[in-house]
Amino acid sequence: MKHTISVLVEDEAGVLTRIAGLFARRGFNIESLAVGPAEQVGISRITMVVPGDDKVIEQLIKQLYKLISVLKVQDITETPCVERELMLVKVNATASNRGEVIQLAQIFRARIVDIADEALTLEVVGDPGKLVAIVQMLNKFGIREISRTGKIALVRESGVNTEYLKSLEAKVY
(Lines give C-alpha, C1' and ligand atoms only; values in the text may rest on other atoms or scores of the structure.)
Protein backbone atom coordinates (compact mmCIF):
# COMPACT_ATOMS: atom_id res chain seq x y z
CA MET A 1 0.00 0.00 0.00
CA LYS A 2 1.17 3.54 -0.69
CA HIS A 3 1.33 5.86 2.30
CA THR A 4 1.36 9.65 2.29
CA ILE A 5 3.69 11.00 4.97
CA SER A 6 3.75 14.67 6.00
CA VAL A 7 6.89 15.82 7.82
CA LEU A 8 7.55 19.22 9.38
CA VAL A 9 11.26 19.98 9.62
CA GLU A 10 13.53 22.84 10.55
CA ASP A 11 14.51 24.63 7.35
CA GLU A 12 18.25 24.03 7.37
CA ALA A 13 20.89 22.73 5.01
CA GLY A 14 21.12 18.95 4.72
CA VAL A 15 17.80 17.99 6.31
CA LEU A 16 16.39 16.56 3.08
CA THR A 17 19.61 14.61 2.50
CA ARG A 18 19.38 13.08 5.97
CA ILE A 19 15.76 12.05 5.43
CA ALA A 20 16.45 10.61 1.97
CA GLY A 21 19.49 8.81 3.39
CA LEU A 22 17.35 7.24 6.11
CA PHE A 23 15.04 5.80 3.45
CA ALA A 24 17.92 4.69 1.21
CA ARG A 25 19.74 2.88 4.05
CA ARG A 26 16.60 0.86 4.71
CA GLY A 27 16.04 0.10 1.01
CA PHE A 28 12.81 2.10 0.68
CA ASN A 29 11.81 3.97 -2.42
CA ILE A 30 10.23 7.42 -2.21
CA GLU A 31 7.70 7.48 -5.07
CA SER A 32 6.82 11.15 -4.69
CA LEU A 33 8.55 13.97 -2.86
CA ALA A 34 7.59 17.62 -2.48
CA VAL A 35 9.30 20.14 -0.21
CA GLY A 36 8.45 23.75 0.47
CA PRO A 37 8.10 26.40 3.15
CA ALA A 38 5.40 25.76 5.76
CA GLU A 39 3.21 28.25 7.59
CA GLN A 40 5.99 29.32 9.98
CA VAL A 41 9.23 31.01 8.95
CA GLY A 42 12.13 28.57 9.30
CA ILE A 43 9.92 25.46 8.97
CA SER A 44 9.47 23.35 5.84
CA ARG A 45 6.87 20.72 4.99
CA ILE A 46 7.95 17.55 3.23
CA THR A 47 5.24 15.41 1.67
CA MET A 48 6.28 11.91 0.61
CA VAL A 49 4.49 8.98 -0.95
CA VAL A 50 6.12 5.76 0.20
CA PRO A 51 5.12 2.13 -0.49
CA GLY A 52 4.94 -0.23 2.48
CA ASP A 53 2.65 -1.92 4.95
CA ASP A 54 1.47 -0.27 8.17
CA LYS A 55 4.17 -1.90 10.31
CA VAL A 56 7.00 -0.76 8.03
CA ILE A 57 5.64 2.81 7.85
CA GLU A 58 5.27 2.91 11.65
CA GLN A 59 8.95 1.95 11.95
CA LEU A 60 9.99 4.60 9.40
CA ILE A 61 8.07 7.26 11.34
CA LYS A 62 9.90 6.27 14.54
CA GLN A 63 13.21 6.54 12.68
CA LEU A 64 12.27 9.96 11.27
CA TYR A 65 11.58 11.27 14.78
CA LYS A 66 15.16 10.33 15.74
CA LEU A 67 16.51 12.88 13.25
CA ILE A 68 17.32 16.16 15.00
CA SER A 69 15.65 18.53 12.51
CA VAL A 70 12.34 16.63 12.38
CA LEU A 71 9.55 18.36 14.33
CA LYS A 72 6.41 16.41 13.43
CA VAL A 73 5.57 13.34 11.32
CA GLN A 74 2.09 12.23 10.26
CA ASP A 75 0.90 9.33 8.16
CA ILE A 76 -2.06 11.05 6.52
CA THR A 77 -2.98 8.18 4.21
CA GLU A 78 -6.30 7.40 5.89
CA THR A 79 -6.99 10.99 7.01
CA PRO A 80 -9.34 13.19 4.97
CA CYS A 81 -6.97 15.46 3.00
CA VAL A 82 -6.81 17.89 0.15
CA GLU A 83 -4.24 16.44 -2.25
CA ARG A 84 -2.84 18.10 -5.35
CA GLU A 85 -0.16 17.61 -7.97
CA LEU A 86 0.97 19.77 -10.85
CA MET A 87 1.80 18.32 -14.26
CA LEU A 88 3.08 19.89 -17.44
CA VAL A 89 2.38 17.72 -20.48
CA LYS A 90 3.49 18.41 -24.04
CA VAL A 91 1.22 16.69 -26.54
CA ASN A 92 1.15 16.45 -30.33
CA ALA A 93 -1.48 18.82 -31.68
CA THR A 94 -1.64 19.22 -35.43
CA ALA A 95 -4.19 21.33 -37.26
CA SER A 96 -6.39 18.24 -37.66
CA ASN A 97 -6.59 17.30 -33.96
CA ARG A 98 -5.83 20.57 -32.12
CA GLY A 99 -9.52 21.29 -31.46
CA GLU A 100 -10.00 17.88 -29.86
CA VAL A 101 -6.93 18.37 -27.63
CA ILE A 102 -8.18 21.83 -26.57
CA GLN A 103 -11.63 20.42 -25.83
CA LEU A 104 -10.09 17.68 -23.69
CA ALA A 105 -8.04 20.30 -21.85
CA GLN A 106 -11.22 22.25 -21.09
CA ILE A 107 -12.98 19.16 -19.74
CA PHE A 108 -10.10 18.55 -17.32
CA ARG A 109 -9.77 22.28 -16.51
CA ALA A 110 -6.21 22.24 -17.82
CA ARG A 111 -4.56 25.45 -19.00
CA ILE A 112 -2.73 25.79 -22.30
CA VAL A 113 0.61 27.36 -21.40
CA ASP A 114 2.45 27.00 -24.72
CA ILE A 115 1.38 26.55 -28.30
CA ALA A 116 3.38 25.64 -31.38
CA ASP A 117 2.57 24.46 -34.90
CA GLU A 118 2.71 20.79 -33.95
CA ALA A 119 2.29 20.73 -30.15
CA LEU A 120 0.48 22.12 -27.13
CA THR A 121 1.78 22.23 -23.57
CA LEU A 122 -0.86 21.87 -20.88
CA GLU A 123 -0.72 22.68 -17.19
CA VAL A 124 -2.89 20.32 -15.16
CA VAL A 125 -3.52 20.70 -11.43
CA GLY A 126 -5.52 18.22 -9.41
CA ASP A 127 -5.54 15.05 -7.42
CA PRO A 128 -3.30 12.24 -8.70
CA GLY A 129 -6.28 10.40 -10.22
CA LYS A 130 -7.15 13.37 -12.42
CA LEU A 131 -3.60 13.49 -13.76
CA VAL A 132 -3.64 9.79 -14.60
CA ALA A 133 -7.00 10.18 -16.34
CA ILE A 134 -5.92 13.06 -18.60
CA VAL A 135 -2.69 11.26 -19.54
CA GLN A 136 -4.75 8.22 -20.60
CA MET A 137 -6.93 10.45 -22.76
CA LEU A 138 -3.98 12.34 -24.30
CA ASN A 139 -2.01 9.19 -25.14
CA LYS A 140 -3.92 8.75 -28.41
CA PHE A 141 -2.50 12.08 -29.67
CA GLY A 142 1.07 11.23 -28.67
CA ILE A 143 2.67 12.63 -25.56
CA ARG A 144 6.05 14.21 -26.18
CA GLU A 145 7.06 15.04 -22.59
CA ILE A 146 5.67 14.99 -19.06
CA SER A 147 6.94 16.68 -15.92
CA ARG A 148 5.12 16.18 -12.59
CA THR A 149 5.60 17.58 -9.14
CA GLY A 150 5.26 15.37 -6.13
CA LYS A 151 1.99 15.17 -4.26
CA ILE A 152 1.28 17.88 -1.72
CA ALA A 153 -1.42 17.41 0.90
CA LEU A 154 -3.01 19.08 3.89
CA VAL A 155 -5.40 17.49 6.35
CA ARG A 156 -8.99 18.71 5.94
CA GLU A 157 -10.01 20.70 9.01
CA SER A 158 -13.63 19.95 8.14
CA GLY A 159 -12.91 16.23 8.43
CA VAL A 160 -14.97 15.62 5.29
CA ASN A 161 -13.70 12.58 3.46
CA THR A 162 -14.26 13.35 -0.21
CA GLU A 163 -13.24 9.84 -1.28
CA TYR A 164 -16.02 8.44 0.91
CA LEU A 165 -18.49 10.94 -0.54
CA LYS A 166 -17.50 9.95 -4.09
CA SER A 167 -18.18 6.29 -3.28
CA LEU A 168 -21.66 7.22 -2.00
CA GLU A 169 -22.38 9.20 -5.18
CA ALA A 170 -21.36 6.22 -7.29
CA LYS A 171 -23.86 4.00 -5.43
CA VAL A 172 -26.70 6.50 -5.92
CA TYR A 173 -26.41 6.54 -9.72
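The values are calculated or read from the model by the stated rules, or taken from the named source; none is laboratory data. Just so it is clear, the model here is predicted, and its values are computed rather than measured. Note that we place each Cβ from the backbone using ideal geometry, even for glycine, and neighbour counts take in every protein chain shown.
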THR77 in contact with a His (Cβ under 7 Å, 6 or more places away or on another chain), of a type in the set (S, T, N, Q) and assigned to a loop (DSSP other than H, G, I, E, B): yes
What residue, of GLU39, GLU58, is among the acidic types (Asp, Glu), free of Cβ contacts under 8 Å to residues at least 24 places away in the same chain and outside any loop (DSSP other than H, G, I, E, B)? GLU58
Being within 16 Å of the chain's Cα centre (by Cα), surrounded by 17 or more Cβ atoms within 10 Å (Cβ to Cβ), farther than 27 Å from ASN161 by Cβ and not aromatic (Phe, Trp, Tyr) is the requirement here; does VAL70 meet it? no
Does at least one position in segment 58-65 carry a residue that is of a type in the set (Phe, Trp, Tyr), out of contact with any helix residue (DSSP H, G or I) (no Cβ under 9 Å at 6 or more places or on another chain) and not assigned by TED's automatic domain parsing to the domain that holds PHE141? yes
Which residue, of GLU123, GLU85, is in a strand (DSSP E or B), closer than 19 Å to SER32 by Cα and without any contact (Cβ under 8 Å) to a residue 40 or more places away in the chain? GLU123
Collect the residues in segment 109-127 that are surrounded by fewer than 18 Cβ atoms within 10 Å (Cβ to Cβ) and of a type outside the set (Gly, Ala, Ser), keeping them in residue-number order. ARG109, ARG111, ILE112, VAL113, ASP114, ILE115, ASP117, GLU118, GLU123, VAL125, ASP127
In segment 31-56, what count of residues is obtained for those that are over 17 Å from SER69 (Cβ atoms) and among the aliphatic types (A, V, I, L, M)? 4
Taking the condition of being crowded, with 17+ Cβ neighbours inside 10 Å, in contact with a helix residue (DSSP H, G or I) (Cβ under 8 Å, 6 or more places away or on another chain) and modelled with pLDDT of 90 or more, how many residues in segment 13-32 meet it? 1
Would you say GLU10 is surrounded by fewer than 17 Cβ atoms within 10 Å (Cβ to Cβ), of a type in the set (Asp, Glu), farther than 26 Å from VAL135 by Cα and outside the structural domain of SER147 (by TED's automatic domain parsing)? yes
